[in-house]
Amino acid sequence: LSPFSSQRGYGFVCLLRRILTLTVFLGLNLIFLGIYLICVCCCKKEEETETKRPNSCCITWTAVVAGLICCAAVGIGFYGNSETNDGVYQLIYALDNANHTLSGIDSLVSDTTTKMKIALEQHLARLNEIFATRGDYVQTLKFLQQMADNIVLQLSGLPVWGDMTVDLSQVASEVSYVEYYRWLSYLLLFILNLVICLIACLGLAKHSKCLLIMILCCGLFTLILSWASFAVDVSAAVGTSDFCVAPDKFIINMTKSDLSAEIVQYYLYCTQSPTNPFQQALTIYQRSLTTMQIQIQGLMQFAVPLFPTAEKDLLGIQQLLNYSETSLHQLTAMLDCRGLHKDYLDALIGICYDGVEGLLYLILFSLLAAVSFTTVICATPRAWQHLASRDREYDDIDEEDPFNPQARRIASHNPNRGQIRSFCSYSSSIGSQTSLQPPAQTISNAPVSEYMNQAVLFGGNPRYENVPLIGRGSPPPTYSPSMRSTYLSVNDDHRRQYGTEIQA
């Protein structure tokens, strides 16, 4: 808010400032991300086995740091949002109190003027008929009418606050409406940031490419929102700071068409300006009222014994003067500068201290959120490369290897695929020693040709030979005690048969 600019001009400048700030910072951030992604794609190296674990740890720690920054940013944002909300509502309460004071002044002036013009004139008209034969009493009634006109004249010289109350009420309503949706929007933005950080951690923990793609899209969207909130907060903070540098000049500029500079300065500089611009009008009001009360008391004392019918109208005028005296005291208190000056200071404290402080914290939140999601976006391609290299490692392993965990998963998902035949499967499926008749086996150090021929007998695949695994340096299968006894007995039979054939 510049004190030398109109509202429409300031609105255009504020909007232009927001757009410029958003364009500059978002453009720089996107340029940085573009350069980083180009470098990642063009300068991609073949990662060695020794360097894969450090890269994975680096990605994990990067995600952890980004999550911590995001959580810290959300905490700061919650505090800043609360401070801004407190400052704005303090401004709204001050505007409502000032509006109540000004509307009360207008109400008192209007009621007193109405009673002096209408009710008093009716009483005086009836008394003129009663005192028609007494010229001195009629002259007193004319003097009362002059005093009443003098009071009305002084009240009409007071400023009319009707336009000011309408403006203050409209400003308070608009500020309250905007503040509610501003507070709610930032609350939803905080929740969105936390949800995206949770999705990022979940995606990196689950090694899910779908979640990584979602992280990248949501990160870019939240990055744009962060810079947009940064532009709005910076624009609001700069505008509010401009207003807080010279608020008195702004108020004088805005009210110069409705109020005199003397009245505005009286309320703005209450302790420094002892001269009350309403003092003369209030003094004349009080003197005229005191004179009227003295005249009415004289008529009550001397005219009522002669004209008893005049007592009712004289009592009505006395009640009217008592009401006017009460209104005078209330009007003096409301026109005093201390009440409106306190509301003015409360509004300044709310908007220039709590409000600006909250905006600064929101600016810090926007910056930290932008840094956090920039880090997440930068870590996403590295995580994608890590997942791709891990998939290539699994692709290099033979799927038919019985000790490959991936092959076991594939076999469990493809039950129609050819099963691996082993000695354990023979023993478990047949279930008895007498029905088991496997072919002759060779020892583990047999020649290669004989070894391959024996392997072909058991399914035609040399990888699935049915020979003991103990002598080959491979981990043995898990047996039950009955399977182990079956294995040993069959192995002894094979050895005896093999020795008999050699002797023959």
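Since every read-out is calculated from the coordinates, none of them should be taken as a lab result. A quick note: this is a predicted structure, and the numbers were derived from the prediction, not measured. Every residue, glycine among them, receives a Cβ derived from its backbone with ideal geometry; neighbour counts consider all protein chains shown.
Values for this structure:
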item	result
From phi via Karplus (6.51, -1.76, 1.60), per-residue ³J(HN,Hα) for the range 225-238 in Hz, x at Gly/Pro	5, 5, 5, 5, 5, 4, 5, 5, 5, 5, 4, 5, 5, 5
Rounded if a/c under 1.5, otherwise prolate or oblate - the range 127-179, Cα gyration tensor axes	prolate
FRET efficiency for T275 and F221, using Cβ-Cβ distance with R0 set to 35 Å, rounded to 0.05	0.05
Evaluated over the range 102-240, the Cα radius of gyration and Dmax, each in Å	34.5, 111
Rounded FRET efficiency, nearest 0.05, which uses the C-beta distance separating Q146 from T309 and R0 of 25 Å	0.55
Packing-based exposure ordering (other Cβ within 10 Å, fewest first) of K142, K115	K142, K115
Only Lys, Arg (+1) and Asp, Glu (-1) charged, at Cβ; the range 194-335 dipole about Cα centre in debye	620 debye
By average C-beta atoms within 10 angstrom, highest first, the peptides 336-343, 174-181	336-343, 174-181
Shape call, the range 252-386: gyration tensor on alpha carbons, a/c limit 1.5	prolate
Packing-based exposure ordering (other Cβ within 10 Å, fewest first) of C270, C197	C270, C197
Stretch gain in nm, segment Q122-I191, where the contour uses 0.36 nm per residue and the Cα spacing is subtracted	17.9 nm
R0 of 41 Å, Cβ-Cβ distance A261-L20: FRET efficiency to nearest 0.05	0.70
Segment I284-F302, extension gain: residue separation times 0.36 nm, minus the distance between their alpha carbons	3.8 nm
Ranked by how many other beta carbons lie within 10 Å on average, peptides 82-95, 295-308 from highest	82-95, 295-308
Most to least packed among 97-110, 356-369 [average Cβ atoms within 10 Å]	356-369, 97-110
Stretchable slack from D96 to E174, in nm (0.36 nm times residue separation minus alpha-carbon distance)	26.8 nm
